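Let me begin by presenting the structure, written as structure tokens, before commenting on it.
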Amino acid sequence: MTIQWYPGHMNAARKAAAKTMAVIDVVVELVDARMPETSSNPLIKELRLHRSRPCLKVLNKADLADPIVTQAWIDFYNRQPGVMAVALSCNHAGQAAKIPGLCLTLAPNRNSAVKPLRMLIMGIPNVGKSTLMNMLLKRRIQKVGAEPAVTRLQQRHVLNDRMTLTDSPGLLWPKIESPVVGLMLAAIRAVGANAVNDEEVGLFLADRLLARYPKPLEARYGIRVEGLGGAGLLEAIAKKRGCFRKGTGGEPDQEMAAMILLGDYRDGTLGRTSLETPETHEAMLTR
């Protein structure tokens, strides 16, 4: 599945981010902790390296991710020059509040009214940037939604007399060439629903979860998954939940089952799962 979903505002957002990069001190890049590298836009790295800006890599939604895998990613990013990584959940005010202090360690000379710390929040759609802004500013200044492309314009806010925040709209790259990358991004709703096929995404997710987390699937749906492939899992879920296509004589509705699986994955009902490790991500790109 090659995804081409690039709303017009994203091109304007890319140009605005490139311009803002010249007048900020630290890039705060949010990624989804369940797939940190897949949910990282390479354009963000390109823009910040062009201006030699340090990066605080925030593995958000860490409460939904496998903690052992998350630690492997933290170690992976902390080995990169100019990068500091942290795993947290931005919907918890206390965890979100740590971010400005971590940014100060990357730009220690910017912490006064004369030289305030200037932070730029970046990331692909639906990784939690608006939630983070609302938490840091302690008021609702951004609409939060399950669908991508909620934030459309870059906005600058004063956090206090020593710090400012600039929020950038979610940025994807214009064409997602890798089918696996496209399916993974669709699984976390980083692309619009109209650009993907739920059954295809659900089938991919079923295969991935069967390979890595079979026990939570058995516990959630009350079925045995041994010997099942993705299609078999969706069929079993459909039968268990009474999802059948009308007028087919009782044929299991795999599209409905896929939507059930996707919903449970997205809201964390299946437990803490990660869809990639540093090693599997590299292997995926070399296929």
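The values are calculated or read from the model by the stated rules, or taken from the named source; none is laboratory data. Everything numeric here is computed off the predicted structure, so don't read it as measured data. Glycine also receives a Cβ, built like all others from the backbone with ideal geometry; neighbour counts cover every protein chain displayed. In case anyone asks, the SASA skips ligands and DNA or RNA and just uses the protein heavy atoms, side chains included. Shrake-Rupley method; radii C 1.70, N 1.55, O 1.52, S 1.80 Å.
P174 - would you say it is over 22 Å from R53 (Cα atoms), in contact with a Phe, Trp or Tyr (Cβ under 7 Å, 6 or more places away or on another chain) and at pLDDT below 80? The answer is yes for P174. Within the range 199-218, identify whether any single residue is open to solvent by 20 Å² or more (accessible area, probe 1.4 Å), of a type outside the set (S, T, N, Q) and touching a strand residue (DSSP E or B) at 6+ places or on another chain (Cβ under 6 Å), and answer yes or no. No, the conditions are met nowhere in the range 199-218. Figure legend. Inter-residue proximity from the range 202-223: first residues closer than 13 Å to S274 by Cβ, second residues modelled with pLDDT of 95 or more and of a type in the set (V, I, T), beta-carbon distance below 6 Å, spacing 6+ or different chains. Indicated pairs: Y213/T273.
Just for the range 30-58: of the residues that are part of a helix (DSSP H, G or I) and basic (K, R), which one is least open to solvent (accessible area, probe 1.4 Å)? Applying the filter and picking the extreme gives R48. Applying the set (1) closer than 11 Å to K57 by Cα; (2) outside any helix (DSSP H, G or I) to I99 leaves exactly one unmet item: (2). The requirement of being out of contact with any strand residue (DSSP E or B) (no Cβ under 8 Å at 6 or more places or on another chain) and under 28 Å from P174 (Cα atoms) is not satisfied by P108.
Condition check: aliphatic (A, V, I, L, M), at negative phi and part of a loop (DSSP other than H, G, I, E, B). Does V225 satisfy that? When the stated conditions are applied, V225 passes them.
Taking first residues from the range 170-186 that are assigned to a loop (DSSP other than H, G, I, E, B) and partners that are hydroxyl-bearing (S, T, Y) and crowded, with 16+ Cβ neighbours inside 10 Å, the Cβ contacts under 6 Å between residues at least 6 apart in sequence or on separate chains come to P174/Y6.
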